[in-house]
Amino acid sequence: MAAEQTSDRQQFALNYPFTTHVFNTVDFSTLNEDKCDELRFLEFKDHKPRMGITFGLRGSLLCSPFSAPFGGFVFVDADISLEMVDKAVKSLIRYADLMRHSIRITLPPSFYHPQLIAKQIYCLVANGFRQLYSDVNFHFDLLSFDNYKSILWRNARKNLQRAQREPFVFKKAENRDDIIAAYTTIQQNRQAKGYPLKMSLDAVLDTIEIIKADFFNLSMNGANVASAQVFHVAEGIVQVIYWGDVPGFENYRPMNYLAERIVDHYKRSGTRIIDVGPSSQFGAPSIGLCNFKESIGCRVENKYTFEYNPKH
């Protein structure tokens with residue numbers, strides 16, 4: 001099996017429709033092309049296409065993802081054998097050695113596709129990729145419970161009961177003004193906490209042209225106090241891209257109320273998983289954030305990042 005670089009993006013998308021998540025699509029990569037030096041679309045073929053991967057080149061480092069929570073390989077379909085994945089990874093290593101490029105790949109948590117992600121992890125490690133770090137990733141398994149309060153820690157249950165006594169109004173965004181209001185609330189939250197907000201408003205508006213998205217606002221007495229931005233990222237899976245409350249309302253526990261209403265919304269819609277994302281960066285956890293997500297009923301999984309350095 002050989003690794004072949006292609007410039008035909010449309011054909012690449014047609015060859016490998018099974019992407020496991022939206023961040024691996026050609027449309028998403030193309031939208032964010034300015035965030036890397038060059039896009040590289042690699043195909044792995046024998047007598048027919050088998051697998052592919054999209055990299056963003058930064059210096060001499062091939063990154064998957066280069067502007068997303070995770071990346072990984074794409075496939076003709078889900079029924080690819082471990083042998084084929086192994087052959088593709090071997091071909092990728094030969095390509096990296098020839099081009100003298102290092103490779104960094106962050107895979108999604110296993111619930112995105114347990115079989116394919118397990119095969120990728122095994123073949124990467126077996127062929128010389130090292131685990132660079134692991135991040136803790138949190139999610140709601142909406143099929144695992146009927147009563148949301150039953151999965152809460154005791155303190156979170158008390159906080160939710162406190163919030164339910166307040167005159168909160170929960171609303172899904174219906175227009176551009178609602179979306180901007182949600183973004184502004186999240187922006188205020190990040191500024192107050194000193195955290196970066198990686199997506200500008202323009203970037204958000206551009207992205208939701210190609211990714212289905214929901215925005216939610218929580219108000220009190222006419223003022224927005226908490227918001228969430230959620231992407232539909234795979235079949236049956238949505239991901240909370242951003243959420244947060246504005247300073248000064250913490251004692252009313254708006255985030256506990258917002259979480260409960262979002263869970264209820266997606267459970268009613270038949271969604272399987274709400275991916276709430278990692279609470280660590282480059283393997284270093286934010287313990288307070290981890291505790292909050294667990295307290296409100298999230299489950300924990302690992303999100304692995306692997307690296308390969310070429311043989312010189």
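The values are calculated or read from the model by the stated rules, or taken from the named source; none is laboratory data. This one's a predicted model, so the numbers in the text were calculated from it and none came from an experiment. We place every Cβ from the backbone using ideal geometry, glycine too, and count neighbours over all the protein chains shown.
Consider the range 198-238 and keep the residues that are among the acidic types (Asp, Glu) and out of contact with any His (no Cβ under 8 Å at 6 or more places or on another chain). The one that is farthest from ALA78 (Cα to Cα) is ASP202. Among the residues making up the range 263-312, a single one is of a type in the set (S, T, N, Q), closer than 14 Å to LEU143 by Cβ and either touching a Leu at 6+ places or on another chain (Cβ under 9 Å) or surrounded by 21 or more Cβ atoms within 10 Å (Cβ to Cβ) (or both): THR271.
Within the range 198-217, the set of residues being charged (D, E, K, R) and touching a residue at least 12 places away in the same chain (Cβ under 8 Å) comprises ASP206, LYS212, ASP214.
With respect to VAL136, is the statement that it is in contact with a Lys or Arg (Cβ under 8 Å, 6 or more places away or on another chain) and either within 28 Å of PHE231 (Cβ to Cβ) or not polar (S, T, N, Q) (or both) true? Against the criterion (in contact with a Lys or Arg (Cβ under 8 Å, 6 or more places away or on another chain) and either within 28 Å of PHE231 (Cβ to Cβ) or not polar (S, T, N, Q) (or both)), VAL136 qualifies. Screening MET220 on (1) within 16 Å of LEU160 (Cβ to Cβ); (2) without any contact (Cβ under 8 Å) to a residue 40 or more places away in the chain; (3) in contact with a strand residue (DSSP E or B) (Cβ under 7 Å, 6 or more places away or on another chain) shows it passes everything except condition (2).
Mind listing whichever residues of the range 108-164 are of a type in the set (Val, Ile, Thr) and part of a helix (DSSP H, G or I)? Reasoning before the result, please.
Quick first cut of the range 108-164, residues of a type in the set (Val, Ile, Thr) only: 117, 121, 125, 136, 151.
Listed by number, the residues that qualify are ILE117, ILE121, VAL125, ILE151.
Being in contact (Cβ under 8 Å) with a residue 40 or more places away in the chain and farther than 20 Å from ASN127 by Cα is the filter here, so list the residues in the range 66-104 that pass it. Those that are in contact (Cβ under 8 Å) with a residue 40 or more places away in the chain and farther than 20 Å from ASN127 by Cα: ALA68, PRO69, PHE70, VAL76, ASP77, ALA78.
The single condition among (1) under 25 Å from SER134 (Cβ atoms); (2) surrounded by 22 or more Cβ atoms within 10 Å (Cβ to Cβ) that TYR257 does not satisfy is (1). Tallying residues that are basic (Lys, Arg), closer than 30 Å to GLU235 by Cβ and touching a helix residue (DSSP H, G or I) at 6+ places or on another chain (Cβ under 9 Å) within the range 161-216 yields 4. Within the range 148-171, residues that are farther than 18 Å from VAL225 by Cβ have Cβ atoms under 7 Å from residues that are aromatic (Phe, Trp, Tyr) and at pLDDT 95 or above in these pairs: ILE151/PHE145, counting only partners at least 6 apart in sequence or on another chain. So is ARG261 out of contact with any strand residue (DSSP E or B) (no Cβ under 7 Å at 6 or more places or on another chain) and either modelled with pLDDT under 95 or outside any strand (DSSP E or B) (or both) or not? Considered against the rule, which asks whether it is out of contact with any strand residue (DSSP E or B) (no Cβ under 7 Å at 6 or more places or on another chain) and either modelled with pLDDT under 95 or outside any strand (DSSP E or B) (or both), ARG261 comes out as no.
For the range 165-178, filtering for residues that are surrounded by 12 or more Cβ atoms within 10 Å (Cβ to Cβ) and within 24 Å of the chain's Cα centre (by Cα) leaves 4.
Which members of the range 255-291 meet the condition of being more than 19 Å from the chain's Cα centre (by Cα) and in contact (Cβ under 8 Å) with a residue 60 or more places away in the chain?
Correct list: ASN256, TYR257, LEU258, GLU260, ARG261, ASP264, HIS265, LYS267.
Over 19 Å from ALA259 (Cα atoms) and out of contact with any Gly (no Cβ under 8 Å at 6 or more places or on another chain) - does that describe any residue in the range 155-175? Taking every residue of the range 155-175 in turn, at least one turns out to be over 19 Å from ALA259 (Cα atoms) and out of contact with any Gly (no Cβ under 8 Å at 6 or more places or on another chain). Those strands (runs of 3 or more DSSP E) of the range 179-251 in which 3 or more residues are crowded, with 21+ Cβ neighbours inside 10 Å and under 20 Å from the mean Cα position of the chain (by Cα) occupy 223-234, 237-245.
Just one of the listed residues (LEU57, LEU61, LEU42, LEU14) is crowded, with 19+ Cβ neighbours inside 10 Å, among the aliphatic types (A, V, I, L, M) and either over 21 Å from TYR112 (Cβ atoms) or over 21 Å from the mean Cα position of the chain (by Cα) (or both), and it is LEU42. Which residue out of TYR183, TYR195 is within 30 Å of GLY71 (Cβ to Cβ) and free of Cβ contacts under 8 Å to residues at least 12 places away in the same chain? Every option except TYR195 fails the conditions.
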